[in-house]
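Encoded as structure tokens, the structure appears first; notes follow it.
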Amino acid sequence: MTSTKPNGPGPEKSPAPAVERAIRILSLLGSNAGQSLALGEIAHCIEAAKSSTLNILQVLEEGGMIARVPGGYQLGRRNLELGGSYLSGFSQMREFYAFCSGASLLSHEVVQIAILNDTDVLYLARHEGRAPMRFIASIGSRFPAAPTAVGNALLTMLADEEIARRFSGPQHFPQMTENSVRTLSGLLQKVRAARDLGYAIDDNEVHLGIYGIAMVIPPWSSGDQPLAIGASLAASSAGPDYVGQVVAELKAAVSQLSNPLFRSAAMAPHVLT
């Protein structure tokens with residue numbers, strides 16, 4: 001007689017199934033763009049019986065985590081209160097250093113955060129990486145925005161007309177290397193490419209042998225300026241595969257450093273003037 005018992009171990013069971021299902025319900029409602037979900041839909045999505053799902057929903061409703069509305073259930077106001085408590089103790093710079101230290105690739109590279117100041121960028125934070133590049137900008141340093149990856153990333157948030165107004169003279173295009181951008185038209189071409197890609201590139205424009213990649217961190221709130229996070233790589237290692245992996249980690253960093261209560265609005269297409 002053939003046994004029907006599986007040879008290998010089955011899926012690991014949660015030590016607290018009800019809590020796990022409650023978390024799944026909150027995540028489900030949170031990803032539903034404010035639309036309500038009925039009991040049956042929720043039970044189906046979390047793969048549970050309606051009766052046990054209803055019990056969890058009742059507890060979540062009593063705690064203010066969800067609210068019953070016509071058509072089903074939505075997230076409750078208690079989530080906003082908890083989110084505010086979390087954000088009150090959140091430090092972007094502390095999270096930046098923690099993320100870089102734990103990232104598989106960025107932990108080995110020089111990673112920086114900068115802010116735009118007219119036609120320059122000001123560096124606010126720096127993760128040294130495994131092999132520090134001493135000639136890369138340090139905290140408090142000011143560099144021209146035109147050739148830098150962080151500068152180009154931040155310029156994607158400006159209208160082309162505003163970029164043209166700010167970069168109206170040759171003094172804004174210092175020739176730091178033979179690859180440095182030299183003209184307004186060249187700068188606009190780079191910025192437009194960065195908008196399309198979702199990240200900006202400095203290909204040996206600031207220091208020969210250094211390849212920079214940067215992207216925007218959305219403003220923390222409506223009154224704040226955007227930041228840029230950038231990685232400086234040895235140009236010899238900046239092949240397509242490695243650059244793609246670094247871009248993926250930078251995107252994860254942007255997500256980690258963004259305000260979750262403001263992220264969807266901040267990431268909507270717009271330009272500043």
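Is it the case that the stretch 235-256 has a residue that's outside any helix (DSSP H, G or I) and within 11 Å of the chain's Cα centre (by Cα)? Talk me through it step by step, then tell me what you get.
If we filter the stretch 235-256 for residues that are outside any helix (DSSP H, G or I), which is where we start, we get 238-239.
Filter again for within 11 Å of the chain's Cα centre (by Cα), leaving none.
No, that holds for no residue.
Quick one: what pairs do we get from the stretch 6-21, first residue closer than 25 Å to LYS50 by Cα, second β-branched (Val, Ile, Thr) and at pLDDT 90 or above, C-beta under 8 Å, 6+ apart or different chains?
Every condition considered, the pairs that remain are ALA18/ILE56; ARG21/ILE46; ARG21/THR53; ARG21/ILE56.
The values are calculated or read from the model by the stated rules, or taken from the named source; none is laboratory data. Only a predicted model underlies this, so the values are computations on that prediction, with no experimental measurement involved. Cβ atoms come from the backbone with ideal geometry, glycine included; neighbour counts cover every protein chain shown.
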